[in-house]
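Structure first, then comments.
The values are calculated or read from the model by the stated rules, or taken from the named source; none is laboratory data. Here the structure is a predicted model, which means the values were calculated and not measured. All Cβ positions, glycine included, derive from the backbone under ideal geometry; neighbour counts span all protein chains shown. Heavy atoms of the whole protein, side chains included, go into the accessibility calculation; ligands, DNA and RNA do not. Shrake-Rupley method; radii C 1.70, N 1.55, O 1.52, S 1.80 Å.
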Amino acid sequence: MDTAGNLSYLSERAQQARPVQPGTLQDGSRIAVIGAGPAGSMFSYFLLNMADTIALDIDVDIYEPRHFCHRGPAGCNHCGGIVSESLVQRLATEGIMLPEDVVQRGIESYTLHMDVGDVEIATPLNEKRIAAIYRGNGPRNSEPLDTHSFDGYLLDMAQNSGARVIHKLVTDVRRNMDGMQVTSADQHCDTYDLVVVATGVNSRLMETLEQQTQEFRRPERTKTFICEFKLGREVIRNTFGPSMHVFLLDIPRLEFAALIPKGDYVTLCLLGDDIDDELMEKFFESPEVRNCFPGGVIPAHACHCYPRINIRAAKPAYGDRLVMIGDSGTTRLFKDGIGAAYRTAKAAAKTAVFHGIMAEDFKAHYWPLCQKINNDNRVGKMVFAFATLVQKARFARRGVLRMTVNEQRQASVTPRMSGVLWDLFSGSAPYTDVFLRTLHPAYIGSLLWNLLASNMPGHAAEHDLQSESEHRHVEH
Ligand SMILES: Cc1cc2nc3c(=O)[nH]c(=O)nc-3n(C[C@H](O)[C@H](O)[C@H](O)COP(=O)(O)OP(=O)(O)OC[C@H]3O[C@@H](n4cnc5c(N)ncnc54)[C@H](O)[C@@H]3O)c2cc1C
């Protein structure tokens, strides 16, 4: 792997002579990684490659009951499948190039739907593209895909680096005199020097660990909704295009809703506060949603699920010979969970190889990254609270729409609102960056002006005329 990431491991190697002492990885050390989602596979890949640079010979076992080549729940890790452009670029610098057969569709724009109108927000830099991927091999009962699952691709990378995959569900993890004992559903036990929990938040194991160890509090979670509509490539090209459709609707408890085109299917994701039937009914009834589908009719979905999402980090996400990564530890609020899985996986691997595997090592070298993400999530909560205000106030929605439409029409106007919305939808930038940009006097000035202008009597009629010719903005 001839990458920038690799060079940084090498320079670290030059700086540090590894002490041979308990609490560090040694030749022959055994590591169990529980879960082969993005966090588990990337951790294994980084760990083995970093160990290789210092000639450390370790064994990595990845426990994963799923087969990502399967369609439906047996192969799927329930997710919208958006990989932000910043993550695509970061992965490339690590030598992880997403091949074309992993990307279902490149997303080139976002279309924001509100009751006051729609606007298409083009990618801020033309070369940037967002990847839409499937975590497994597609929806239940779908035709086998000629594409490759994202999780399967990452797991292959880990295996190619030397990890061994054990297709078993882990039911218990305990600390004993010899190290960490991992028990799988067939009652088989094995002992390891380090256990890495990467089970995500939809696993019973987190609950078991919390009850048994009293060491940590598992992440706080909330229920989301995902479903897949089969519409066919042709219809999708004509109705959705290479655009992800997002909704800012006045529906209580709904934080984010998106329709993501992928091959023959469109994936719907609803995120918010415990998504339930009542909320979904309101969502499907809204004209902004219906109008996205051919003939204004919402078809039956091919499959659906209610996965949980992490809304507050585990505390602490480590112990002696134990570390939680990805969703099991810390992730970004509502966005870029795969990006957070990458960052936590790499930081934990670096700690284990170059510093040690005891609680104090993870506290000093891994936990600061988790805290950084947690602090950014606090700002994210404020940003979402502000979005909720916009969601509730029609006059504010008009102002946001006018500002964005004008930015998209005139190349000479700095796309301040478009940039904020883009980064908020895609998760490409930290919430703190997004928030700071909304404090810029030019942003505030422009927003105030657009709020005034869009709510002046007679404005709506003027806008209707403009939008008819441009097919971008429809005042209902
Ligand atoms: C509705 C929704 C939409 C989302 N959309 C996006 C998106 O568009 N983009 C994005 O970046 N993120 C998105 N996310 C977040 C993203 O899915 C997660 O952040 C990401 O999958 C976390 O990766 P992970 O490896 O930590 O956990 P997971 O992906 O959950 O993987 C955990 C793995 O552990 C395995 N496992 C579980 N228990 C055990 C056990 N006991 N023994 C062995 N193996 C076990 C599972 O089978 C699974 O393979 C979304 C989440 C939800 C809920």
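Which of the residues belonging to segment 211-238 are more than 30 Å from residue 264 (Cα to Cα) and within 16 Å of the ligand (Cβ to nearest atom)? Quick ask: steps written out before the conclusion?
Restricting attention to segment 211-238, the residues satisfying the condition of being more than 30 Å from residue 264 (Cα to Cα) are 211-221.
Passing the criteria: 211, 212, 213, 216, 218, 219, 220, 221.
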I'm checking my understanding of the structure. Among residues of segment 97-111 that are within 16 Å of residue 338 (Cβ to Cβ) and surrounded by 21 or more Cβ atoms within 10 Å (Cβ to Cβ), which one is modelled with the highest pLDDT? 107
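Going through segment 408-461 one residue at a time, which ones are under 20 Å from residue 257 (Cα atoms) and not in a helix (DSSP H, G or I)? Steps first, answer last, please.
Just the residues of segment 408-461 that are under 20 Å from residue 257 (Cα atoms), to begin with: 417-431, 434.
Across segment 408-461, the qualifying residues are 427, 428, 429, 430.
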Could you grab me the full set of residues in segment 303-330 that are open to solvent by 40 Å² or more (accessible area, probe 1.4 Å) and within 16 Å of the ligand (Cβ to nearest atom)? 304, 306, 308, 311, 312, 327
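Given the residues 190, 186, which is the only one that is farther than 30 Å from residue 265 by Cβ and in a loop (DSSP other than H, G, I, E, B)? Outline the logic, then answer.
Numbers: 190 fails: in a loop (DSSP other than H, G, I, E, B).
Exactly one residue qualifies, and that residue is 186.
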Unmet criterion (only one of (1) assigned to a loop (DSSP other than H, G, I, E, B); (2) within 13 Å of the ligand (Cβ to nearest atom)) for residue 73: (1)
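Pick out the one residue from 33, 83 that is under 16 Å from the mean Cα position of the chain (by Cα), open to solvent by less than 10 Å² (accessible area, probe 1.4 Å) and within 11 Å of the ligand (Cβ to nearest atom). I'd like the intermediate steps shown before the answer.
Numbers: 33 fails: under 16 Å from the mean Cα position of the chain (by Cα).
Criteria check complete, one pass: 83.
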Considering only residues that are modelled with pLDDT of 95 or more and outside any strand (DSSP E or B), look in segment 168-183 and name the one that is least open to solvent (accessible area, probe 1.4 Å). 168
Failed condition for residue 66, given (1) in a loop (DSSP other than H, G, I, E, B); (2) open to solvent by less than 60 Å² (accessible area, probe 1.4 Å): (2)
Is it fair to say residue 214 is on the phi > 0 side of the Ramachandran plot and without any contact (Cβ under 8 Å) to a residue 12 or more places away in the chain? yes
Would you pick out the residues in segment 379-426 that are buried (at least 20 other Cβ atoms within 10 Å of the Cβ), without any contact (Cβ under 8 Å) to a residue 24 or more places away in the chain and either within 19 Å of residue 448 (Cβ to Cβ) or touching a Cys at 6+ places or on another chain (Cβ under 8 Å) (or both)? 407, 420
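Pick out the one residue from 436, 452, 421 that is within 23 Å of residue 251 (Cβ to Cβ) and modelled with pLDDT of 90 or more.
On the way: 436 fails: within 23 Å of residue 251 (Cβ to Cβ); 452 fails: within 23 Å of residue 251 (Cβ to Cβ).
Being within 23 Å of residue 251 (Cβ to Cβ) and modelled with pLDDT of 90 or more holds for just one of 436, 452, 421, which is 421.
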Which of the following residues is modelled with pLDDT of 95 or more and either out of contact with any Phe, Trp or Tyr (no Cβ under 8 Å at 6 or more places or on another chain) or within 16 Å of the ligand (Cβ to nearest atom) (or both): 352, 393? 352
Please give the number of the condition residue 337 fails out of (1) open to solvent by 10 Å² or more (accessible area, probe 1.4 Å); (2) out of contact with any Ser or Thr (no Cβ under 7 Å at 6 or more places or on another chain). (2)
The one condition residue 201 fails out of (1) open to solvent by less than 10 Å² (accessible area, probe 1.4 Å); (2) within 14 Å of the ligand (Cβ to nearest atom); (3) assigned to a strand (DSSP E or B) is (3)
